[in-house]
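The values are calculated or read from the model by the stated rules, or taken from the named source; none is laboratory data. These numbers were taken from a predicted model, which means no experiment stands behind them. Every residue, glycine among them, receives a Cβ derived from its backbone with ideal geometry; neighbour counts consider all protein chains shown. When the accessible area is computed, the model is the full protein with side chains, heavy atoms only, and any ligands, DNA or RNA have been set aside. Shrake-Rupley method; radii C 1.70, N 1.55, O 1.52, S 1.80 Å.
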Amino acid sequence: MALQRAWYRPRLTWWLVLLLPLQALFVLLSNLRRWSYKIGLKRAYRAPVPVIVVGNISVGGTGKTPVTQALIAWLKDQGWQPAIISRGYGGQGPFPLLLDSNIDPAINARNSGDEPWLLAQRCQVPVAVGSNREQSIKLLLQQHPQINLIVSDDGLQHYALARDLELAVIDAERGLGNGWRLPMGPLREPQHRLQQVDLVVQNGTGEHCWGWPFSLQAGIWHQVATQQPMPLPPPPYVAVAGIGHPQRFFTTLRQLRIEPAACYPFADHYAYQASDFASMPANHTVLMTEKDAAKCRSFATENWYYLPVQAKFEHEFWLQLQQLLAPLAAQQQVAISTEANG
């Protein structure tokens, strides 16, 4: 986490310069990999249905998961039958793993990873988890042949998967950090990559306008153990966050006029254990994100609560997305007609 803090400082921290040879190697390897797909040395898998990739060019939390949730909800309202594929960072497998209404009760967030589990619970669409996106899509279409669109949660740099639309998410508050590539800075790809995607959206507002802004609106508090909405008990509180940018959650609490006695940041996708909470005061209510709650449910006590959030876009954003999807919808209709006519 100290490295990430250095990435987002106004000036380049001196010791990051020592990582310049590693950055040069990273840039070389990533460029070679991308060009190998671009010129045909490696084959990119093209799914039989349209694919939308929601990702980012930087490391750390940008609000990508709430954007995916909002996108799935809108697609369902438009008549699409979408599904989600996800890498499943932190998940134990076995992969590919399918999360749907027929999921084995023994499967939980530790198997799939926190983000896929959250997406499956919130979006109520099939979710396939695994590093091999081709296998995940084939599993989805085999088990759910009615699916007519795939949303890839992350995977902007996964060029082994052909895509029809790309959507990049930027954190307006932190931007692109110091502008350097990994590991000197937070960038997976250079800034000009944003000019090649179909849509850029930004979490909040800042000095720089990257693209369509959206806001994260807090929902109502839920008890972690039961997942039921419940009023938040009175203070004292402690707050924990194991997300890409923990400070965002702590800031949200202050905006809600909640002042925790202590805030505990953890690494993104952190695999919580009951022992992580042993040193926290037992009489303090524990506050966390919905993503954290997915991994804490099995050992949570009754005074643990999580806060769902929802991405809100202006109407014009959805109109532009609708225009971009119109050709894909037309192609789907042609394919259905062709198949029906034999």
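Observations on the structure shown:
- Restricting attention to the range 166-176 and to residues that are out of contact with any Leu (no Cβ under 7 Å at 6 or more places or on another chain) and surrounded by 18 or more Cβ atoms within 10 Å (Cβ to Cβ), the residue that is nearest to Lys64 (Cα to Cα) turns out to be Val169.
- Within the range 85-95, not a single residue is open to solvent by 20 Å² or more (accessible area, probe 1.4 Å), in contact (Cβ under 8 Å) with a residue 40 or more places away in the chain and in contact with a Leu (Cβ under 9 Å, 6 or more places away or on another chain).
- Matching residues, the range 320-342, being at pLDDT 95 or above and closer than 27 Å to Gln121 by Cα: Leu321, Gln322, Leu325
- Val169 vs. criteria over 26 Å from Glu302 (Cα atoms), outside any strand (DSSP E or B) and among the aliphatic types (A, V, I, L, M): no
- Residue in the range 5-20 that is among the hydroxyl-bearing types (Ser, Thr, Tyr) and at pLDDT 95 or above present: no
- Candidate set from the range 140-158 (those that are in a strand (DSSP E or B) and either over 18 Å from Ala73 (Cα atoms) or not hydrophobic (A, V, I, L, M, F, W, C) (or both)); member that is modelled with the lowest pLDDT: Asp153
- Output for the range 105-116, where each listed residue is within 18 Å of Gly155 (Cα to Cα) and either outside any helix (DSSP H, G or I) or in contact with a strand residue (DSSP E or B) (Cβ under 7 Å, 6 or more places away or on another chain) (or both): Ser112, Gly113, Glu115, Pro116
- Failed criterion for Met280 (all others in (1) part of a loop (DSSP other than H, G, I, E, B); (2) among the hydrophobic types (A, V, I, L, M, F, W, C); (3) under 21 Å from Leu71 (Cα atoms) hold): (3)
- Note on the range 22-104: enclosed strands (runs of 3 or more DSSP E) holding 3 or more residues that are under 30 Å from Ser215 (Cβ atoms) are 51-55, 82-86.
- Count - residues of the range 181-214 that are at pLDDT below 95 and open to solvent by 40 Å² or more (accessible area, probe 1.4 Å): 6
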